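The values are calculated or read from the model by the stated rules, or taken from the named source; none is laboratory data. What you see is a predicted model, and the numbers here were worked out from it, not measured in a lab. Here the Cβ positions follow ideal geometry from the backbone for every residue, glycine too, while neighbour counts run over all protein chains shown.
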């Protein structure tokens, strides 16, 4: 390299992820230009030498508040034949408590969702759902039997017919072919309570957003925990009670692939809107040994205010006695000076020696030698 910094030709360089094209900068006052804040742009010495760049944007911890007026989950459990112990094959149906023909939203099929969703979010670039850290639950607005207050631990059964708030549930009706003719009867009452939901990426790490779109099939969603209450009934024709009473049995997790496509919208300023449709075609519920297959569909609408971005630290460059001197403010904590020999497929590594502190700046001194080298400040 030429020993006189003022004789080096500077140009402004374009870093990946930007939409602006490169353009040349005046060769006058290159030393002054070298001290400018370059953000995601950088400086290179023409003919062989150096670029100084800043780190790309990083993900923030962002909590989304669920809008319960527009968020819900609806279960669909079709009529299906199950093998009931001591009875044989029975066609089971989920119905409203007072309706033999339908299972309605108000009757325990649909629940409003509320709470918060925890993510790592890089604005407009990616989102990572922090599975297990959400506070996403199904509201208990349906009044369903059995009531936990009717449970007798002594008798291990329900002693009353009262109802209580629940998220999902209904009346379980069955059809059994006795000898040569079918018999239809009420088999049990079912209620799912304290249902917590989870959302997690199918793969580890952040999910890339394309024009604000969350790809279909990139996440898994569904009930992660809850309680199962079942009030089994005595059947006609002396068939006994094939479905036992169950009090607060743990609901087995059914977090599975969501095939719907979501999105993140910019509402202006720091406000963002997460739209997360739910479409789970294969949902298998294990209700303490009673296994039902079905599907789930719904919608989550949530809002967040992003943290106010801090201005990037100024990475300054100067030359002294044949060495390059890098410096940046000490109030920019957590940053590491890194270098690479190329931007394409760059393998960035920390610059040595470790920075020292001079006044209010971190300072790193490097010898000028070797091929083109690129520099950046990086914060994990």
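Being farther than 20 Å from residue 193 by Cα and at pLDDT below 95 is the filter here, so list the residues in region 104-132 that pass it. Correct list: 122, 123, 124, 125, 131.
Counting only residues that are more than 24 Å from residue 265 (Cα to Cα) and touching a strand residue (DSSP E or B) at 6+ places or on another chain (Cβ under 6 Å), region 123-142 holds 4 of them.
For region 140-152, residues that are touching a residue at least 40 places away in the same chain (Cβ under 8 Å) and surrounded by fewer than 17 Cβ atoms within 10 Å (Cβ to Cβ) total 1.
Quick one: residue 260 ticks every box in (1) in contact with a strand residue (DSSP E or B) (Cβ under 8 Å, 6 or more places away or on another chain); (2) without any contact (Cβ under 8 Å) to a residue 24 or more places away in the chain; (3) over 30 Å from residue 153 (Cβ atoms); (4) part of a loop (DSSP other than H, G, I, E, B) except a single one, so which number is it? Single failed check for residue 260: (2).
Could you tell me which of the residues 347, 331, 366 is farther than 30 Å from residue 93 by Cα, surrounded by 14 or more Cβ atoms within 10 Å (Cβ to Cβ) and outside the structural domain of residue 94 (by TED's automatic domain parsing)?
366
Among the conditions (1) surrounded by fewer than 18 Cβ atoms within 10 Å (Cβ to Cβ); (2) within 22 Å of the chain's Cα centre (by Cα); (3) in a strand (DSSP E or B), the only one that residue 113 does not satisfy is (1).
Tell me which residues, restricted to region 75-102, are within 17 Å of residue 195 (Cβ to Cβ) and surrounded by 19 or more Cβ atoms within 10 Å (Cβ to Cβ). Of everything in region 75-102, those that are within 17 Å of residue 195 (Cβ to Cβ) and surrounded by 19 or more Cβ atoms within 10 Å (Cβ to Cβ) turn out to be 75, 77, 94. Determine whether region 171-189 contains at least one residue that is touching a strand residue (DSSP E or B) at 6+ places or on another chain (Cβ under 7 Å), crowded, with 20+ Cβ neighbours inside 10 Å, free of Cβ contacts under 8 Å to residues at least 60 places away in the same chain and under 30 Å from residue 92 (Cα atoms). Checked region 171-189: at least one residue is touching a strand residue (DSSP E or B) at 6+ places or on another chain (Cβ under 7 Å), crowded, with 20+ Cβ neighbours inside 10 Å, free of Cβ contacts under 8 Å to residues at least 60 places away in the same chain and under 30 Å from residue 92 (Cα atoms). Could you please let me know if residue 137 is under 26 Å from the mean Cα position of the chain (by Cα), within 30 Å of residue 205 (Cβ to Cβ) and in a strand (DSSP E or B)? Taking the combined requirement at face value, the residue satisfies it. Taking the stated definitions as given, is residue 228 buried (at least 18 other Cβ atoms within 10 Å of the Cβ) and in the same structural domain as residue 143 (by TED's automatic domain parsing)? Considered against the rule, which asks whether it is buried (at least 18 other Cβ atoms within 10 Å of the Cβ) and in the same structural domain as residue 143 (by TED's automatic domain parsing), residue 228 comes out as yes.
Identify, from the list 99, 70, 83, the residue that is at pLDDT below 80 and over 13 Å from residue 187 (Cβ atoms).
Selected residue: 83, the only one of 99, 70, 83 that is at pLDDT below 80 and over 13 Å from residue 187 (Cβ atoms).
The residues listed here are 155, 97, 106; of these, the one that is in the same structural domain as residue 69 (by TED's automatic domain parsing) and not in a loop (DSSP other than H, G, I, E, B) is 106. Residue-level analysis places residue 146 outside the set of residues that are touching a strand residue (DSSP E or B) at 6+ places or on another chain (Cβ under 7 Å), at pLDDT below 95 and either assigned by TED's automatic domain parsing to the domain that holds residue 292 or not in a strand (DSSP E or B) (or both). For region 263-287, a tally of residues being touching a strand residue (DSSP E or B) at 6+ places or on another chain (Cβ under 6 Å) and modelled with pLDDT under 90 returns 4.
Checking each residue in region 233-257 for being in a loop (DSSP other than H, G, I, E, B) and touching a residue at least 24 places away in the same chain (Cβ under 8 Å) picks out 233, 236, 237, 239, 242, 243, 245, 251, 252, 253, 254, 255. Per the listing 290, 278, the residue uniquely assigned by TED's automatic domain parsing to the domain that holds residue 151, touching a residue at least 60 places away in the same chain (Cβ under 8 Å) and over 15 Å from residue 72 (Cβ atoms) is 290.
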